[in-house]
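I have placed the structure first, in the form of structure tokens, so that the comments after it can refer back to it.
Nothing in this text is a laboratory measurement; each read-out follows from the coordinates by a stated rule. Computed from a predicted model, the values in this text were never measured in an experiment. Neighbour counts run over all protein chains shown; Cβ positions are idealised from the backbone, glycine included.
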Amino acid sequence: MSNVLNSIVDSLANLDMDNIIKFVKEAIEKFDVRSVIDALAEGMRVVGEKYERGEYFVSDLIVSAEIFNEAMNIVKPKILELRKEVKPIGRVVIGTVYGDIHDIGKNLVKTFLEANGFEVIDLEVDVPVEKFVEAVKQYNPDIVGMSALLTSTMIHMKDVIDALKKEGLRDKVKIIVGGAPITEEFAKSIGADAYGENAYKAVEICKKLVE
Ligand code: B1M
């Protein structure tokens, strides 16, 4: 990784808002958007490690999210520039599952989907099972996307899939799941159609799902 990308990782890991903005502005002129986002995601991973080691507290996690979002305000216009060149290709209902308020990954997935021609209905965070079901009835999406960051909340993805089955809606939509604790095996085990390891892969998969 180049110096400036490393500096992004370090400044996010050290919760250094002033410097990260400077580094992100410099990096988006020199590198593609993906490299900058990967550096930001790596910084968040280090923040998570520091939290696990007891060096950071929840208040630090909140600050890290604020810094990430500030940095994304600089990066996002570059991602959305792509949008002008793409035709509408499908509709996605997306949300973070019940009990879970982590939204940074979901928002990245949303931004990349929009940049690639998807219409995205964002149910935001802590989304109850019934709200996903209602959204499928109301918006008739091609795809339902669910995000979870906690091992204690990922099981609600299965609850949503089961509820869609019960309502006879499961076969009307494709389902993609993602988030740090989610794996391909877990996705299969709950009856999802796909697992998105990251935002870029999620877009590639969603494109295939609407073909
Ligand atoms: Co939380 N948190 N947090 N946190 N937090 C984690 C997830 C944790 C791993 C930290 C740690 O211990 N190392 C840990 C979970 C442990 C576990 O369950 N095994 C944890 C914990 C414990 C908690 C609390 C319980 C802490 C507490 O209160 N005691 C609490 C829970 C609150 C709740 O949700 N009910 C909590 C709170 C928070 C904040 C609110 C303070 C804040 C989130 C702010 C926000 O999102 N607006 C926060 C943060 C920032 C984190 C870490 C540090 C960073 C998460 C992040 O944004 N990563 C996180 C550590 C970690 O993940 N290693 C941690 C960057 C983001 C780009 O990555 O979200 O993984 P990610 O998304 C990726 C992929 O996963 C994928 O694409 C994205 C981009 O490539 N992806 C999808 C995500 N969703 C997808 C959906 C798809 C496809 C791909 O299709 C639909």
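A few points about this structure:
- For peptides 49-55, 191-197, sequence by mean Cβ density within 10 Å, most packed first: 191-197, 49-55
- The tail of the calculated P(r) for segment 32-109, taken as Cα-Cα distances beyond 19 Å, holds 49 percent of the pairs.
- Computed over segment 121-177, Kirkwood Rh from alpha-carbon pairs, angstrom: 11.4 Å
- Peptides 36-47, 129-140 ordered by average Cβ neighbours within 10 Å, highest first: 36-47, 129-140
- Too-long pairs where the Cα-Cα distance tops 18 Å, listed order kept, from 110/207; 106/172; 137/208: 106/172; 137/208
- Principal axis analysis of the Cα atoms in segment 2-65 yields extents of 35, 19, 17 Å, listed in decreasing size.
- Degrees between helix 3-13 axis and first principal axis of the chain (Cα, 0 to 90, nearest 10): 70 degrees
- Evaluated at q = 0.17, 0.23, 0.28 Å⁻¹: base-10 log I(q)/I(0), Debye formula over Cα of segment 89-131: -0.43, -0.72, -0.93
- Once the Cα atoms are used to define both axes, helix 33-52 deviates from the longest principal axis of the chain by about 90 degrees.
- Globularity ratio of the chain, using Cα Rg and 2.2 N^0.38 Å: 1.04
- For segment 56-165, the Stokes-Einstein estimate of translational diffusion at 20 °C and a viscosity of 1.002 mPa s comes to 143 µm²/s, using the Kirkwood hydrodynamic radius over alpha-carbon pairs.
- Folded to 0 to 90 degrees: helix 199-209 orientation relative to the chain principal axis, Cα: 20 degrees
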